[in-house]
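Quick notes on the structure that follows.
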There are 2 protein chains.
Amino acid sequence: MNQSLNKLLSTFNHILDQSIEQTPLHTQLEESMRYSLQAGGKRVRPLLLLATLHMLQPNKYHEGLKTAVALEMVHTYSLIHDDLPAMDNDDLRRGKPTNHKVYGEWLAILAGDALLTKAFEYISNDASLSAEVRVKLITALSQASGHQGMVGGQALDMQSESQAVELPILEQIHLHKTGALIRFAIEAAIIIANVDNETQQQLIKFANHLGIIFQIKDDLLDLFGTTEALGKQTGSDDANEKSTYATLLGYTQAEHILATHVEEAERILASLSEAYNTDDLAYLLKLFYQRQN
Amino acid sequence: MNQSLNKLLSTFNHILDQSIEQTPLHTQLEESMRYSLQAGGKRVRPLLLLATLHMLQPNKYHEGLKTAVALEMVHTYSLIHDDLPAMDNDDLRRGKPTNHKVYGEWLAILAGDALLTKAFEYISNDASLSAEVRVKLITALSQASGHQGMVGGQALDMQSESQAVELPILEQIHLHKTGALIRFAIEAAIIIANVDNETQQQLIKFANHLGIIFQIKDDLLDLFGTTEALGKQTGSDDANEKSTYATLLGYTQAEHILATHVEEAERILASLSEAYNTDDLAYLLKLFYQRQN
């Protein structure tokens, strides 16, 4: 990772580490919340938010820190609930036992609930932003993560298991299940930075390409990655009889679509680079399609 | 119920019924959310919010409607998750099969997640309130329902099962698990209405008494009510080996403590009645301690 992104990441991690305060109730709830929050993800969503904001207003990217933490909380809660026995039933996540494997099912459900709740508290309490901006961010985050967004995509995904799924349905699943939070990362930077319409439109298109790139790469890695590199079970899509870009289109065609979206995303960055320093976003784009885990 | 409360309730139900819009994803998620939301609870939390606001500003109680719906969404999500096999494992709620019995476990988990998310969207989108008030409400609701509040109380409750629990722990459980949302109902009215400090203090004390009254009554009903009247399994505290006010203190002592809190709450209402019409709150107080389900 380059120096600029490294700095964003370490500032982010510092805030994240302090985000769950202990309560006097003496349960394992906070420990369980922190366990998953600090299990060492790639932090691509918060980095995308902060890098976009840093590009738009280099001296005030700090204004996005708490929203970036909230975004990672929502992502983390969704992983905890998705891993539950009643959902994907995964034992391993990021190379570590999943939350319910360590703390038991009921505490995993509650830790997920509490992280989701905390995300909204974190934005509503952010004194570095005006009340108007906070309200806009909360609306955008709730719509990206609720029944119209991520949770809706997860419901469609679960419903489609053990079924032959056509490409349009698969696209709907990913647009919602993973795409919505990736779009929110960039949308949040736009809400905070208040940029012109043209730049907004380009950034939103960029976000859409990124979402698809992320998912196709995920499918390819599930097919060809190793458990060791991924830190989670590979071949689980196959075991759950899930349709993926790779199984629906074949490896070659999936790679081809991936390349097309990468080209489109690069074209947008080239256009944005006339007014902005797009180095960090270019780096993140590469991270999205070249990642090995 | 008196005429004034009936009017509040029917206005509330009207908004509630329209609160979950359909998405084009063709899953059962929204149906499952509505199933629990419309399963006919007593609506004591939203009524408490609206009655308090109606007392403080009779002509502008409408400003609390969306927050009242959000509060009922949070309460409903908590019931769905609490009823899950990994938690209290209840089959019956409000006389109907619980959410996971109808829709399956994974959809019940997701419906709960989506209702919690929707609650924050609902407040953040409420055009009848200023952004400042919305942000305050979201902070208060997230703290009342998160790891410092309701979810923390549920974690302590689950952890205390099959254990002999002392009275101070039992009080901590109820202060958080049920008390926090009841307090929020009154806190929300205070945030929206902007009342003087003295009235605020009295209302918050009233809310604290109500929370304890609600819980002791719940314990007594679990011990002596019938499944038919309650619409849920009675004796489930006993089956789960839960300590309650009734089992810890005995029936007579629990009834005595209940009466003491009712007297204190009535005293506060008498004092408030010098400046306000407290009829609706007096009615709700009676509903809290005389209810048979």
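3J(HN,Hα) along the stretch B:117-133: 5, 4, 4, 6, 4, 5, 6, 5, 9, 7, 5, 7, 10, 5, 4, 4, 5 Hz, from the Karplus curve 6.51 cos²θ - 1.76 cosθ + 1.60 with θ = phi - 60°, whole Hz, x for Gly and Pro.
Pairs of Lys residues in the stretch B:3-290 that lie 8 or more places apart, or on two chains, and have C-alpha atoms under 19 angstrom apart add up to 26.
Only one residue of A:Tyr103, A:Gln57, A:Leu269 has its Cα farthest out toward the positive end of the dipole of the stretch A:3-290, where Lys and Arg carry +1 and Asp and Glu -1 on Cβ, and that residue is A:Gln57. Rounded to the nearest 500, the helix-only mean residue ellipticity at 222 nm of chain A stands at -22500 deg cm²/dmol, with each DSSP H run of n ≥ 4 adding -39,500 (n - 2.57). Rounded if a/c is under 1.5, else prolate if a/b beats b/c, else oblate: with a ≥ b ≥ c from the C-alpha gyration tensor eigenvalues square-rooted, which is the stretch A:3-290? Judged from the Cα gyration tensor, the stretch A:3-290 comes out oblate (a/c at least 1.5, b/c at or above a/b). Over the stretch A:103-160, the Kirkwood radius and the radius of gyration, each from Cα atoms, give a ratio Rg/Rh of 1.09.
Placing a label point 7 Å from the Cα of B:Gln57 along the Cα-to-Cβ line, the residues of the stretch B:251-293 whose backbone N sits under 18 Å from it are B:276-277. Summary for B:Glu166: label point 7 Å along Cα→Cβ; distances to the equivalent points in the other copies, ascending, 6.6 nm.
Rounded to whole numbers, the Karplus 3J(HN,Hα) couplings from phi for the stretch A:171-180 are 5, 4, 4, 6, 4, 8, 5, 10, x, 4 Hz, using 6.51 cos²θ - 1.76 cosθ + 1.60 with θ = phi - 60°, and x at Gly and Pro. Simple point charges give the picture: +1 on the Cβ of Lys and Arg, -1 on the Cβ of Asp and Glu, and for the protein assembly as shown a dipole about the Cα centre of about 860 debye. Set the Förster distance to 30 Å, then compute FRET efficiency between B:Gln28 and B:Thr260 from the Cβ-Cβ distance, nearest 0.05. FRET efficiency, B:Gln28 to B:Thr260: 0.05. In nanometers and ordered shortest first, the copy-to-copy spacing of the B:Asn6 label point, defined 7 Å from Cα toward Cβ, is 7.2. In order along the stretch B:269-280, phi translates into HN-Hα couplings of 4, 4, 5, 5, 5, 5, 10, 10, 8, 9, 3, 5 Hz, rounded to whole numbers, per the Karplus curve 6.51 cos²θ - 1.76 cosθ + 1.60 with θ = phi - 60° and x for Gly and Pro.
Principal axis analysis of the Cα atoms in the protein assembly as shown yields extents of 74, 46, 39 Å, listed in decreasing size. Distances between equivalent label points of A:Gly250 across the copies, with each point positioned 7 Å along Cα→Cβ, amount to 8.1 nm, shortest listed first.
Toward the positive end of the charge dipole of the protein assembly as shown, with +1 on the Cβ of Lys and Arg and -1 on the Cβ of Asp and Glu, the farthest Cα among B:Ser130, B:Ile15, B:Leu92 is that of B:Ser130.
None of the figures in this text is laboratory data; all of them are computed from the coordinates on show. Small disclaimer: the values here were computed from a predicted structure and weren't measured. Because the Cβ atoms are built from the backbone with ideal geometry, glycine has one as well, and the counts that use them run over all protein chains shown.
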